[in-house]
1. Any residue at all in the stretch 119-130 that is β-branched (Val, Ile, Thr), closer than 26 Å to Glu73 by Cβ and either surrounded by fewer than 19 Cβ atoms within 10 Å (Cβ to Cβ) or touching a strand residue (DSSP E or B) at 6+ places or on another chain (Cβ under 8 Å) (or both)?
2. Mind checking whether some residue in the stretch 59-78 is polar (S, T, N, Q), touching a Ser or Thr at 6+ places or on another chain (Cβ under 9 Å) and surrounded by 17 or more Cβ atoms within 10 Å (Cβ to Cβ)?
3. If a residue must be under 19 Å from His65 (Cβ atoms), hydrophobic (A, V, I, L, M, F, W, C) and either open to solvent by 60 Å² or more (accessible area, probe 1.4 Å) or at pLDDT below 95 (or both), how many such residues does the stretch 1-28 contain?
4. From the residues in the stretch 38-79 that are modelled with pLDDT of 95 or more and of a type in the set (Val, Ile, Thr), which one is nearest to Asp111 (Cα to Cα)?
5. Within the stretch 67-182, which helices (runs of 4 or more DSSP H) (wholly inside it) include 2 or more residues that are over 14 Å from the mean Cα position of the chain (by Cα)?
6. Any chance the stretch 48-58 includes a residue that's assigned to a helix (DSSP H, G or I), among the acidic types (Asp, Glu) and open to solvent by 50 Å² or more (accessible area, probe 1.4 Å)?
7. Which residues, counting only those in the stretch 29-47, are open to solvent by 40 Å² or more (accessible area, probe 1.4 Å) and in contact with a Lys or Arg (Cβ under 7 Å, 6 or more places away or on another chain)?
8. If you scan the stretch 85-108, which residues turn out to be open to solvent by less than 30 Å² (accessible area, probe 1.4 Å) and farther than 17 Å from Val123 by Cβ?
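The values are calculated or read from the model by the stated rules, or taken from the named source; none is laboratory data. Small disclaimer: the values here were computed from a predicted structure and weren't measured. Because the Cβ atoms are built from the backbone with ideal geometry, glycine has one as well, and the counts that use them run over all protein chains shown. Side chains are part of the model used for accessible areas, which takes the heavy atoms of the whole protein and leaves out ligands, DNA and RNA. Shrake-Rupley method; radii C 1.70, N 1.55, O 1.52, S 1.80 Å.
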Amino acid sequence: LLALAYQTLADVQQYAGQSEDALRSMRRSLQITEALTLEDPKDEQKQIARQQALMREIELLVENHLTAEARAETKRALEIMKPLAEQSVLFQHAEDYGQLLATTPFPELRDDAAALRFARKAVVMTREIDPDVLHALALAYERNGDKRHAIEVDNKALALLPAGAPSVFRTRLEAGVKRLSQ
C-alpha cells in the first residue's frame, strides 16, 4: 500500500512538472516493491507491481535526462521480465514486456519482432477487451512500421473506453491515432 502511495505521489509530481521529485518518489516505491518481491519471489502480483514500477522509473529517468541509468534499468527490467512473459499465464507479463521492447528509446535493447509477439499474446489472453493491452499491441505494430494496424488497434481500444469519460489515456490514444493518420 505504501509503494502504491509513492507511485501516486510520483504521478502527481510528474503532472505538476516536478520531474526530479517524481523520480525520487518512484524510486522509493520501487525500493519497497522490490523488497516485497524478495520476500515472496513467486508471487506474480508482486512481480507485476515490480515490473510496472521499473517501467515508470525508466520513463522518469529518461524524462530527467539520466540516459545511462535509464539504459541500465531498461536492460535489467528486460532481463527480469522476459522469463515471466514467456512462462506466466497472466497477460500482464506479456503486455509489459512487449510494451517495453517496443517503446524503449535504446535501439540496442529493442526487439521489434518479440514486442509484436508478446503484445499479441497478451491480446489473445485478454480476448481483445482490455484497452491497455490493445494499446501495447498498437505500439508494437507502430514499432514494426505497420501504421494501419496500429491505428486500427488503437481505435478498437478507444471504443472500449467509457463513452464521454475524459482521461489521460484517452487523450494519449487519440493523439497517437491522429499522429499516425497524418
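1. Of the residues in the stretch 119-130, the ones β-branched (Val, Ile, Thr) are 123-124, 126, 129.
Narrowing the set further to residues that are closer than 26 Å to Glu73 by Cβ leaves none.
Looking through the stretch 119-130, none of the residues is β-branched (Val, Ile, Thr), closer than 26 Å to Glu73 by Cβ and either surrounded by fewer than 19 Cβ atoms within 10 Å (Cβ to Cβ) or touching a strand residue (DSSP E or B) at 6+ places or on another chain (Cβ under 8 Å) (or both).
2. Initial filter on the stretch 59-78 (polar (S, T, N, Q)): 64, 67, 74.
In the following step, the residues that additionally are touching a Ser or Thr at 6+ places or on another chain (Cβ under 9 Å) were identified as 64, 74.
Those still in the list that are surrounded by 17 or more Cβ atoms within 10 Å (Cβ to Cβ) too: 74.
Scanning the stretch 59-78, I find at least one residue that is polar (S, T, N, Q), touching a Ser or Thr at 6+ places or on another chain (Cβ under 9 Å) and surrounded by 17 or more Cβ atoms within 10 Å (Cβ to Cβ), so the answer is yes.
3. Total meeting the criteria: 1.
4. Ranking the candidates gives Thr74 first.
5. Numbers: elements: 67-87, 91-103, 112-125, 131-143, 147-160, 168-181.
The helices (runs of 4 or more DSSP H) meeting that bar are 67-87, 112-125, 131-143, 147-160, 168-181.
6. If we filter the stretch 48-58 for residues that are assigned to a helix (DSSP H, G or I), which is where we start, we get 48-58.
Retained after the next criterion (residues that are among the acidic types (Asp, Glu)): 57.
Okay, now just the ones that are also open to solvent by 50 Å² or more (accessible area, probe 1.4 Å), so none.
The answer is no; no qualifying residue exists.
7. Taking the stretch 29-47 and keeping what is open to solvent by 40 Å² or more (accessible area, probe 1.4 Å), we get 31, 34-36, 38-46.
Of everything in the stretch 29-47, those that are open to solvent by 40 Å² or more (accessible area, probe 1.4 Å) and in contact with a Lys or Arg (Cβ under 7 Å, 6 or more places away or on another chain) turn out to be Glu34, Leu36, Asp40.
8. Result: Thr104, Phe106.
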